[in-house]
Amino acid sequence: MLNLPKTSKNQPRKKLETLPKHRSVASYCLGIESTADDFSVGILSFNGKVLANVISAYVPDKGGIHPREAARHHAEVAGKVLAEAFQRARVKPQDVHVVAFSQGPGLGPCLRTGATAARALASYLGVPLVGVNHCVAHIEIGKLVAGAVDPVTLYVSGGNTIVSAFEAGRYRIFGETLDIAVGNCLDVFAREAGLHEMEGMPLGALVEQLASRGQTLIPLPYTVKGMDLSFSGFLTAAVQLLREGKHSVEDLCFSLQEVAFSMLTEVTERALAHTEKPEVLLTGGVAANKRLQSMLESIAEEHNVRFCMVPKQYALDNGAMIAWTGILAYQHHVTLPLEKSFVKRKWRLDEVPVPWVGG
Amino acid sequence: MKRRLSKKYRVPKLDMEIRFHRTIHEPQHIHRAKEAGVPTPTIFLVDTVGTTIVMEFIEGKQVKHILDDLPPEERLHLCRHIGDLIGRLHNHGIIHSDLTTSNMILTPHGRVVFVDFGLSERSMEMEARGVDLHLMKRALQSTHFKYAGQCFDAVIEGYTQAIGESVAREVLNKIGEIERRGRYVSERK
């Protein structure tokens, strides 16, 4: 057994500023992310320095993410990824002060695998556990690395499509998808078009490549309902056009991107006008798309606000974001007793109090 | 005057299509809303080439800015009235598609004027009505979180009176269905 820190487990500790003097070494938080296809471990010091952010992606042989297979991948690589993170961070396990994990939302089997690892680690080390909301974490790491303070955030990935901003204690959702996520829509279309995912080359990037060679805009349903969006009918229409075979895949990818991203940008712009926030933050897997970046940059310029772009390694699902949010929560006495650390597959962003933001 | 400006982020073809479509349809829906007994601005001129609509300026305050500060009884009364107007629109086959408190203006005479029909469509379907009211609910939750629950209940009360109990019940069921379709909703299994 390792040397246990003095405090008993699960007991909320004092704020960072008032930590006991004998902890002369810096404090660290380890974060485990496992909501979907990535298993990742991040280690951050309490002052917000990323010391390690190791990501292992599960790449399916065919089709989309199979939750059980993804969870099996996570369980297989967990030990290796943890060891690599400790090694890169040059931090010893017993120096970890808090363990954070993504408690939701996400795929059940994947979440449970990460949660199991986090519980085991926290109880072995005798340190507090923090359950982090995956969507909050995306926003928090984005703010940290892109230097945003109070942004309107467009979070777009394979599982989420959310326009949010902070208002009275929580990240409020101003617009979101009514059905499937935009990344999911692009992925399914890409698979229908016979494209295959490769390590380091996600389907979205392949669609972007093809789109750059497309020129003709093919009509597709533009579905904005108030501040919300819908992509399921849009996807069906696109797949039908693909099967008809009258248009080139390049033109279809081009049209798919132009229409879908215009919808996202319209809603983000309206949220910006409504909230009058000084920044717009783009994050999530789809944030890597250059065309979407340029559209958001354009509205930021028009509204005279700062465009904050999250670098890829922190825009994709990653452990660093979980660790950072874990630190923020821990400093505000938000910890999770082991017996209450069950995962929340459908944990909405706007359900989570974020006492560390604002006054 | 409402001029639909070109959005630089959109490719020109899509940009023109959207502006043209909205400029043509907005005045039509605004006119039909009047037939339904819902106050809307008077249209003076429609310029489809310049994508511009010249219409009456409505004196008053956006409901967004006053709702939270009203005395409780007045607040509920206003919400019931809004619900009644939405019911009238739906009865007449108009789906507003952007029901937020920013798009409702309370005049000094106490009338509520609906504006911004740019996203509106014609439909008598329960699905469309459900989505429309679901948007109203979400707008209340994001902007008036303190009173969202009671306000929406009052909206539904007014709506039920305008459209009849059986239709209202169907629409309410539809809202539940739409919410469960969304991502990460705890009620969904």
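If the label point is 7 Å along Cα→Cβ of A:His333, which residues in the range A:108-148 have backbone nitrogen under 13 Å from it?
The answer is none.
Most fluctuating residue of A:His303, A:His74, A:His274 in a GNM of chain A with Cα springs under 10 Å: which is it?
The residue with the greatest mean-square fluctuation here is A:His274.
For the range B:33-127, state which chymotrypsin sites (Phe, Trp or Tyr not before Pro) are in a DSSP loop and have at most 14 other beta carbons lying within 10 Å of their beta carbon.
Here the sparse-neighbourhood loop sites are B:Phe57.
In peptide B:7-19, what is the residue-averaged number of other protein chain Cβ atoms found within 10 Å of each Cβ?
Whole-number average of other-chain Cβ neighbours for B:7-19 is 6.
Within 10 Å of each residue's Cβ, count the other Cβ atoms and sort A:Asp179, A:Asp150 from fewest upward.
Ascending number of Cβ neighbours within 10 Å: A:Asp150, A:Asp179.
Let me know the mean shielding of A:165-176 by other chains, meaning the per-residue number of their Cβ atoms within 10 Å of its Cβ.
The per-residue average across the peptide is 2.
Restricting to the protein assembly as shown, compute how many DSSP beta bridges are antiparallel as a %, nearest 5.
Bridges in the protein assembly as shown are about 65 percent antiparallel.
Averaged across A:220-227, how many Cβ atoms of other chains sit within 10 Å of each residue's Cβ atom?
Mean number of neighbouring Cβ atoms from other chains: 5.
Please grab the % of Cα pairs in the protein assembly as shown that end up more than 34 Å from each other.
Value for the protein assembly as shown (Cα pairs over 34 Å): 43 percent.
Looking at the range B:1-91, which GluC sites (Glu not before Pro) are DSSP coil and have at most 13 other C-beta atoms within 10 Å of their C-beta?
B:Glu56, B:Glu59
Taking a 30 Å limit on the Cα-Cα distance, which of the listed pairs A:Lys340/B:Lys146; A:Lys92/A:Lys143; A:Lys62/A:Lys225; A:Lys92/A:Lys346; A:Lys92/A:Lys312 fall beyond it?
A:Lys62/A:Lys225; A:Lys92/A:Lys346
How far, in degrees from 0 to 90, does helix A:319-331 lean away from the longest principal axis of the Cα atoms of chain A, to the nearest 10?
Orientation of helix A:319-331: about 50 degrees from the principal axis.
Residue farthest toward the positive end of the dipole of the range B:61-184, with Cβ of Lys/Arg at +1 and Asp/Glu at -1: which of B:Thr160, B:Gly149, B:Thr107?
The residue sitting most towards the positive pole is B:Gly149.
In the protein assembly as shown, with Lys and Arg counted as +1 and Asp and Glu as -1 at Cβ, which of these residues, A:Val132, B:Gly118, A:Gly285, has the Cα nearest the positive end of the dipole, that is, farthest along it?
Of the candidates, A:Val132 comes out farthest on the positive side.
Using modelled backbone amide H atoms (1.01 Å from N, in-plane), which distant-in-sequence or interchain residues come within less than 5 Å of A:Ile218's amide H?
So A:Ile218 has HN proximity to A:Ser255.
Please identify the GluC sites (Glu not before Pro) of the range A:202-299 that satisfy two criteria: DSSP loop assignment and at most 15 other Cβ atoms within 10 Å. Which are they?
A:Glu276
Counting only helical runs of four or more DSSP H residues, what would the 222 nm mean residue ellipticity of chain A come to if each run contributes -39,500 (n - 2.57) and the total is spread over all its residues?
-13000 deg cm²/dmol
Quick one: if you stick a label point 7 Å off each Cα along the C-beta vector at A:Gln240 and A:Tyr222, how many nm between them?
1.9 nm
Taking neighbour counts of Cβ atoms within 10 Å as a proxy for exposure, in what order, fewest first, do B:Met136, A:Met198, B:Met126 appear?
Ranking B:Met136, A:Met198, B:Met126 by Cβ neighbours within 10 Å, fewest first, gives A:Met198, B:Met126, B:Met136.
What is the magnitude of the charge dipole of the range A:106-235 about its Cα centre, with +1 placed on the Cβ of each Lys and Arg, -1 on the Cβ of each Asp and Glu, and no other charges, expressed in debye to the nearest 20?
Dipole size: approximately 260 debye.
Could you give the dipole magnitude of the range A:27-91 about its Cα centre, charging the beta-carbon of Lys and Arg +1 and that of Asp and Glu -1, in debye to the nearest 20?
220 debye
Hey, what angle do you get for helix A:182-192 against the long axis of chain A, alpha-carbon based, 0 to 90 degrees rounded to 10?
Roughly 60 degrees between the two axes.
To the nearest 0.05, what FRET efficiency results for B:Ser166 and B:Glu127 with a Förster distance of 22 Å applied to their C-beta separation?
Approximately 0.85, to the nearest 0.05.
Taking only C-alpha pairs under 8 Å that are 6+ residues apart, what is the relative contact order of chain A in percent?
26 percent
Given N residues in the range A:180-267, what is Rg(Cα) / (2.2 N^0.38 Å)?
Taking the Cα Rg and dividing by 2.2 N^0.38 Å, one obtains 1.02.
In degrees, nearest 10, range 0 to 90: what is the angle between the Cα axis of helix A:249-275 and the longest Cα principal axis of chain A?
Tilt of helix A:249-275: around 60 degrees.
Between B:Lys13 and B:Glu74, what is the label-to-label distance in nm when each label sits 7 Å out along the Cα-to-Cβ direction?
So the two model labels end up 5.3 nm from each other.
Among the helices of chain B (complete DSSP H runs), which have Cα atoms covering no less than 15 Å along the helix axis and a Kyte-Doolittle mean of at least -1.0?
Taking the DSSP H segments of chain B (at least 15 Å long, mean hydropathy at least -1.0), we get B:72-91, B:126-143, B:148-163, B:165-181.
Report the percentage of all Cα-Cα pairs in the range B:2-55 whose separation exceeds 18 Å, rounded to a whole percent.
Tail fraction, whole percent: 36.
In deg cm²/dmol, rounded to 500, what helix-only [θ] at 222 nm does chain B give when every DSSP H run of at least 4 residues adds -39500 (n - 2.57) and the total is split over its residues?
That calculation yields -17500 deg cm²/dmol at 222 nm.
Rule-based calculations on the coordinates, nothing more; no lab input. Quantities reported herein were computed from a predicted structural model and do not represent experimental measurements. Cβ: placed from backbone, ideal geometry, glycine included. Neighbour counts: every protein chain shown.
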